[in-house]
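Just below is one structure, and these are the notes that go with it.
The values are calculated or read from the model by the stated rules, or taken from the named source; none is laboratory data. No experiment lies behind these values; they were computed from the predicted model shown. Backbone-built Cβ (ideal geometry, glycine too); neighbour counts: all protein chains shown. Protein only, heavy atoms only, side chains kept; ligands, DNA and RNA dropped before computing areas. Shrake-Rupley method; radii C 1.70, N 1.55, O 1.52, S 1.80 Å.
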Amino acid sequence: MYHYEESGLSNVWLQNGFTIEEDEEYGELVSISSVHELHNAIGLYLITQKPELNGEEIRFLRKELNLSQKNLAGLLGVGETSVRNWESDRGLIGRPTELLLRALYKEQVHGDGKLRKMIEDLNHQERTLVCDEIKFSYGNNHSWHHNGNINRL
C-alpha cells in the first residue's frame, strides 16, 4: 500500500494503481495511474460519504475546483478569512455552505457548469431598487412575464 500524502489528505492510501522505483540520484520515484480520475474518486467519496468535512478535505475540494481561498470565499459569499479558518480547522463551515461546496464539486465532475455560473451571476448582479408593486402580464404566447422597470441603484 502507498500512503498518498501528495493529495493533501493524510488518510488516503492506495492499494494498487501505482509503481515505486528507486533512482540513485533522486531516491524513491512514485508513478500513479490516472491521477485526475483518482482525485475525482477521492472528491466524490468526500462529498457523498463523509457526514462532515474537515479542513484538509475542504482544502482538497477547493483545489480540485481550481479556486483560490479568495475566489472560493467570493463564490460562497463569505470572507476569505472564513475559508482560511475552515481549512485550518479553526472554524466551522456551516451546513448550508458545506452543502453548496459539495454541490459545486459534484457539478464540476458530472455537470455542465450551470450551478457555478448561476451562483457567480447572482453574486455579481447589480443591486436594484424594486418598485412596491411587481406587475406581470399573460401574453399571447401563453406565458407570464414581468412588466415594469426596475430602478437601478
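Some notes on this structure:
- Alpha carbon centroid spacing (whole Å) that separates region 46-62 from region 73-108: 10
- Accessible area of the chain divided out per residue, in Å², using a probe of 1.4 angstrom: 71
- Short-range pairs are left out: with C-alpha atoms under 8 Å and at least six residues apart, the relative contact order of region 44-153 is 19 percent.
- In the chain, excluding the sites themselves, the longest stretch lacking any of the trypsin sites (Lys or Arg not before Pro) that are in a DSSP loop with at most 12 other Cβ atoms within 10 Å is 1-89.
- Length added when fully stretched, Leu14-Glu37, from 0.36 nm per residue minus Cα-Cα: 7.0 nm
- For the chain, lysine pairs separated by 8 or more sequence positions, or belonging to different chains, with Cα-Cα distances below 29 Å total 15.
- Take the chain and mark each of the GluC sites (Glu not before Pro) that is in a DSSP loop with at most 10 other Cβ atoms within 10 Å; the longest unmarked stretch, sites excluded, is 53-125.
- Residues of region 73-116 with amide N under 16 Å of the 7 Å Cα→Cβ point at His146: none
- For q = 0.10 Å⁻¹, Debye-computed log10 I/I(0) when each Cα of the chain counts as one equal scatterer: -0.54
- C-alpha long axis of helix 35-49 to longest principal axis of the chain, angle in °: 60
- Contact order, relative form, for region 1-103: 18 percent (alpha carbon pairs under 8 Å, 6 or more residues apart, mean separation divided by residue count).
- Crossing angle, helix 95-110 versus the chain [Cα axis fit, 0-90 degrees, rounded to tens]: 70
- Efficiency of FRET from Cβ geometry, Leu99 and Tyr138, R₀ 25 Å, rounded to 0.05: 0.10
- The length gained on full extension between Val109 and Asp89, counted as 0.36 nm times the residue separation minus their Cα-Cα distance, comes to 4.6 nm.
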